[in-house]
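**Student:** Mind having a look at this structure? Questions to follow.
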Amino acid sequence: MSPEGPDPAQTRPQRRRRFDAVHLWTTTGASLIALAVSLYNLVVLHRQPDVDVALPHVVRLEPRGPGGNVHLFLQPTISSRVRAEDVEIITDTELRLLPADPKVARPAFYWDESGTYSYDHASNRLSYQRTADPTPLVVAQDSPQQPTLLFNAHTWTVGPGRYEGTLVLHRASTGSPIEKPFCLTVSAAAVRTFTATPERTFFELRDDVPGTPGACYTF
């Protein structure tokens, strides 16, 4: 005679208990995963935006502006790489320029205005137009900013030598500003060129001249 098989009346409750246990753990696991995702999204969306600032390869100098002023034009790229519910507000910008030679007067630049350039093909000349007062800049992930900032130094004359510069951006979210260092070199020949040209003449200074990686802005 063959042995008797398991009693169906006993195996059905066992299977039911195993099914209920698996279902419970599956439901609990899915709920925990959903909670973790919700908490992650909450943290990500409510964190402060992380702002990056990149300096351009070109700055423009107007060494003989009206009224004896010197204008320096800088167009940084201000962006946020992370997704956040809040936006960052750049409340103010500063330009610090420190001559390496203590005999050269230190300029006191301030953010005068923002503007834009236009190019005249007939005259092969670049012109600048004012577009805005120095107002706060709103930066979000989907709206990076590339303002053309005009910094003005009253009654200062550009002298030859090396200058250590810093672009400072003050932000509303924190008391710690963003600082981007750079350097600028002006040769004696460049100063003679500045002096010999008419007022309101722009000069391009670049930091990406081939063969000089990481160089200062120079004319």
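The values are calculated or read from the model by the stated rules, or taken from the named source; none is laboratory data. Predicted model, so just to flag it, every value in this text is computed and none were measured. Backbone-built Cβ (ideal geometry, glycine too); neighbour counts: all protein chains shown. Just the protein is used for accessible areas: all its heavy atoms, side chains included, with ligands, DNA and RNA removed. Shrake-Rupley method; radii C 1.70, N 1.55, O 1.52, S 1.80 Å.
**Student:** State all residues of the stretch 178-193 that are touching a residue at least 12 places away in the same chain (Cβ under 8 Å) and either surrounded by 16 or more Cβ atoms within 10 Å (Cβ to Cβ) or within 13 Å of PHE219 (Cβ to Cβ) (or both); if no residue qualifies, say none.
**Tutor:** Within the stretch 178-193, ILE178, PHE182, CYS183, LEU184, THR185, VAL186, SER187, ALA188, ALA190, VAL191, THR193 qualify.
**Student:** Let me ask something else. Any residue that is part of a strand (DSSP E or B) and either over 28 Å from ILE89 (Cα atoms) or in contact with a helix residue (DSSP H, G or I) (Cβ under 8 Å, 6 or more places away or on another chain) (or both) - is there at least one of those in the stretch 139-153?
**Tutor:** No, the stretch 139-153 contains no residue that is part of a strand (DSSP E or B) and either over 28 Å from ILE89 (Cα atoms) or in contact with a helix residue (DSSP H, G or I) (Cβ under 8 Å, 6 or more places away or on another chain) (or both).
**Student:** Can you list residue pairs whose Cβ atoms sit under 7 Å apart, with the first residue in the stretch 65-81 being free of Cβ contacts under 8 Å to residues at least 12 places away in the same chain and closer than 30 Å to ALA140 by Cα and the second being among the small types (Gly, Ala, Ser) and buried (at least 19 other Cβ atoms within 10 Å of the Cβ)? Count only pairs 6 or more apart in sequence or on different chains.
**Tutor:** none
**Student:** Contact list please: Cβ distance under 8 Å, first residue in the stretch 194-211 and in contact (Cβ under 8 Å) with a residue 60 or more places away in the chain, second residue of a type in the set (A, V, I, L, M, F, W, C) and open to solvent by 90 Å² or more (accessible area, probe 1.4 Å), pairs at least six apart or on different chains.
**Tutor:** If the second residue must be of a type in the set (A, V, I, L, M, F, W, C) and open to solvent by 90 Å² or more (accessible area, probe 1.4 Å), the pairs left are PHE203/PHE219; GLU204/PHE219; LEU205/PHE219.
**Student:** While we're here: Please go through (1) open to solvent by 50 Å² or more (accessible area, probe 1.4 Å); (2) touching a residue at least 24 places away in the same chain (Cβ under 8 Å); (3) out of contact with any Cys (no Cβ under 6 Å at 6 or more places or on another chain) for VAL139 and return the number of the only condition it doesn't satisfy.
**Tutor:** Among (1) open to solvent by 50 Å² or more (accessible area, probe 1.4 Å); (2) touching a residue at least 24 places away in the same chain (Cβ under 8 Å); (3) out of contact with any Cys (no Cβ under 6 Å at 6 or more places or on another chain), the lone unmet condition for VAL139 is (1).
**Student:** If you don't mind, there's one more thing I want to ask. Assess whether THR116 counts as being open to solvent by less than 80 Å² (accessible area, probe 1.4 Å), in contact (Cβ under 8 Å) with a residue 60 or more places away in the chain and closer than 21 Å to GLU199 by Cα.
**Tutor:** no
**Student:** Moving on to the next point. So which strands (runs of 3 or more DSSP E) are wholly in the stretch 60-109 and hold at least 3 residues that are open to solvent by 30 Å² or more (accessible area, probe 1.4 Å)?
**Tutor:** Of the strands (runs of 3 or more DSSP E) lying wholly inside the stretch 60-109, those with at least 3 residues that are open to solvent by 30 Å² or more (accessible area, probe 1.4 Å) span 88-99.
**Student:** Could you say whether any residue in the stretch 161-168 is more than 15 Å from LEU74 (Cα to Cα) and free of Cβ contacts under 8 Å to residues at least 60 places away in the same chain?
**Tutor:** Checking the stretch 161-168: not a single residue is more than 15 Å from LEU74 (Cα to Cα) and free of Cβ contacts under 8 Å to residues at least 60 places away in the same chain.
**Student:** Which of the residues that make up the stretch 194-208 are touching a strand residue (DSSP E or B) at 6+ places or on another chain (Cβ under 8 Å) and assigned to a helix (DSSP H, G or I)?
**Tutor:** PHE194
**Student:** Going by what's in this entry, would THR131 be described as surrounded by fewer than 14 Cβ atoms within 10 Å (Cβ to Cβ) and part of a strand (DSSP E or B)? Quick ask: steps written out before the conclusion?
**Tutor:** Details: surrounded by fewer than 14 Cβ atoms within 10 Å (Cβ to Cβ): yes; part of a strand (DSSP E or B): yes.
Considered against the rule, which asks whether it is surrounded by fewer than 14 Cβ atoms within 10 Å (Cβ to Cβ) and part of a strand (DSSP E or B), THR131 comes out as yes.
**Student:** Name the one entry in GLY159, GLY165 that is under 21 Å from THR185 (Cβ atoms), open to solvent by less than 50 Å² (accessible area, probe 1.4 Å), in a loop (DSSP other than H, G, I, E, B) and not hydrophobic (A, V, I, L, M, F, W, C).
**Tutor:** GLY159
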